[in-house]
Amino acid sequence: MKLPGIEYDMTYLAVSLYAKDVDSFCIQLSKARSQGAEAIEIRADALNQPDPESVSRMIQAVQRAGLPVIVTCRDKIEGGFQEIDFSHRLTILRKAILSGADMVDIELRNFRHPDAYSVLKAALEDSRTRLILSCHNFDGPFDNLNLLYESMLALYPAAIPKLVYYARHINDCFAALNLLKSADTPAIVFCMGPAGQITRILSKKFGAFLTFACLEEEATAPGQIPVHQMKSLYRWDCLNSQTEIFGVVGNPVCHSLGPVLFNTCFDADSINAVFLPFLVEGEKTEFDAFLDYVGTAAGFGGFSVTMPHKGRALDYAHQHGDYVDGLAETIGSVNTLKIGFNGIISAYNTDYIGAMDSLTAALGGDHRCLHAVKVAVVGAGGVARAVVAGLVDMGARVTIYNRTVSKAQALANEFRCKAAQLDALSQTEAAVLINCTSVGMRPNTEGCPVPEGVLNPEMTVFDTVYNPMETVLLKKARQIGARTVSGAEMFIRQAMAQYRIFIGRDPDEALMRKIVYDRLQAAG
């Protein structure tokens with residue numbers, strides 16, 4: 001059954017409202033509509049006094065706003081705000097049907113009850129209302145997602161199945177996306193939690209009937225994204241089945257400027273693509289499983305790779321990829337993966353270009369200006385590998401300092417330079433000091449990666465951390481008169497190289513700079 005005024009070949013961005021009374025609901029409704037909501041869910045279980053007449057008035061308010069309306073009175077077991085007697089919840093849903101709600105949502109476990117089935121089935125038969133059968137699992141994935149979907153349709157063939165579960169890891173999301181791709185009826189399938197956020201956005205590409213967003217700071221389920229972010233940051237209005245998916249893969253990724261940077265450039269260049277944060281927790285096994293899926297699933301175009309997966313990305317490219325760039329091979333880590341035709345993966349490292357171009361520009365010369373210059377590199381991780389490779393290639397005299405000196409020595413042996421304990425920095429005679437650790441990165445912005453007394457006015461101090469733009473290290477260096485280089489420069493230059501790899505053409509450099517500097521300055 002199709003409802004008049006409801007489109008079944010689009011994905012609605014529904015905003016779930018949980019007001020305490022009708023007046024508060026109308027205020028929330030106005031905000032949601034102004035921010036771009038495409039449908040409204042009334043959470044009757046949130047009302048101070050849940051009653052059928054209040055719900056009827058709320059339905060009328062949404063109808064006057066010209067939006068489809070869903071009514072639910074959620075069972076507390078499946079996320080309801082309060083305990084409400086089963087028969088009273090049933091009365092509210094029946095009143096919603098009689099009041100002309102476009103959809104009512106009841107839990108599968110409750111609809112199976114003979115009273116619910118008979119009361120709601122009878123009301124639905126004489127109405128234009130569509131039934132959403134829902135099932136929620138706040139602990140993790142369902143044992144058999146597809147079987148649960150089929151059982152819903154077997155119980156009530158005209159239902160819209162809604163299956164929502166908590167993603168303990170991003171790899172839990174793939175079952176939801178697969179079901180959306182294969183479903184031959186309107187369906188609502190997504191994952192809760194930070195790891196599940198991508199399913200809320202990608203539901204439109206994979207053909208869901210609707211997904212949920214929230215008003216700012218008013219999420220009704222874990223992992224909900226504010227509606228204005230869905231619309232502006234994640235390009236909701238532009239998404240369709242042909243949208244190509246890019247993103248940043250790491251742990252953490254919440255601080256990344258990648259989504260706003262790339263999505264704004266996609267907008268400017270009218271490219272049908274979206275760039276998302278992919279929180280990939282765990283070790284090599286989990287990372288490899290993630291790439292196994294995205295490499296074979298249609299629509300994924302490539303990834304920026306950040307900590308702690310740069311070395312794993314190189315290993316994966318060696319085992320499963322088609323091409324590894326020579327620089328990435330030399331550096332021993334990958335920060336860019338391109339997925340080509342038939343899932344063929346190519347691996348690159350643009351950190352090298354970003355770091356060396358930023359440093360030499362600050363020194364006022366070309367790459368030859370680093371020849372024989374003493375450089376202290378702090379850290380021995382993935383970023384340090386790219387920086388050390390570049391410095392050695394340009395003839396700099398490099399010493400790697402790290403708390404775990406064995407790790408610094410291993411890296412130094414690879415690139416034929418020196419290594420020392422971090423405490424030895426106090427005796428350095430380096431003209432250039434480069435921080436390649438995450439110390440000082442947001443949200444832990446108070447840290448400084450070098451001991452007191454190391455910096456001097458003759459130094460050039462380069463911090464590869466870009467968020468915040470001026471770290472404690474750079475602030476201290478500036479205060480004593482040293483030349484400073486922000487990680488924002490490295491980020492912009494390496495991102496430009498990534499854009500060329502992903503899209504095949506240069507981005508608007510001025511736009512990229514404006515985005516990065518505006519965002520970082522706004523963040524303080």
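The values are calculated or read from the model by the stated rules, or taken from the named source; none is laboratory data. These numbers were taken from a predicted model, which means no experiment stands behind them. A quick note on method: Cβ atoms are made from the backbone with ideal geometry, for glycine too, and the neighbour counts reach across all protein chains shown. The protein model used for the area step is the full one, side chains on, heavy atoms only, and it has no ligands, DNA or RNA in it. Shrake-Rupley method; radii C 1.70, N 1.55, O 1.52, S 1.80 Å.
Look at (1) in contact with a helix residue (DSSP H, G or I) (Cβ under 6 Å, 6 or more places away or on another chain); (2) buried (at least 20 other Cβ atoms within 10 Å of the Cβ); (3) of a type in the set (Lys, Arg) and you find that Arg94 fails only one, number (2). Restricting the stretch 215-234 to residues that are open to solvent by less than 10 Å² (accessible area, probe 1.4 Å) and either touching a Cys at 6+ places or on another chain (Cβ under 9 Å) or at pLDDT 95 or above (or both), the residue that is farthest from Val294 (Cα to Cα) is Val227.
Asp139 meets the conditions (1) open to solvent by less than 50 Å² (accessible area, probe 1.4 Å); (2) within 29 Å of Phe290 (Cβ to Cβ); (3) not in a helix (DSSP H, G or I) in every case but one. The failed one is (1). Within the stretch 337-376, the only residue that satisfies the criterion of being closer than 19 Å to Ser438 by Cα, in contact with a Phe, Trp or Tyr (Cβ under 7 Å, 6 or more places away or on another chain) and outside any helix (DSSP H, G or I) is Ala376. Across the stretch 377-410, the number of residues qualifying as crowded, with 24+ Cβ neighbours inside 10 Å and assigned to a strand (DSSP E or B) comes to 6. What do you reckon, is Phe81 of a type in the set (Phe, Trp, Tyr) and touching a strand residue (DSSP E or B) at 6+ places or on another chain (Cβ under 9 Å)? Here the answer is yes, as Phe81 does meet what is asked.
Set side by side, the residues Ala273, Ala268, Ala289, Ala317 differ, and just one is among the small types (Gly, Ala, Ser) and within 18 Å of Lys205 (Cβ to Cβ), which is Ala273. Within the stretch 56-79, the set of residues being surrounded by 19 or more Cβ atoms within 10 Å (Cβ to Cβ) and within 31 Å of the chain's Cα centre (by Cα) comprises Val62, Leu67, Pro68, Val69, Ile70, Val71, Thr72, Cys73, Arg74, Asp75, Gly79. Scanning the stretch 182-197 for residues that are assigned to a helix (DSSP H, G or I) and of a type outside the set (Ser, Thr, Tyr) gives Pro194, Ala195, Gly196, Gln197.
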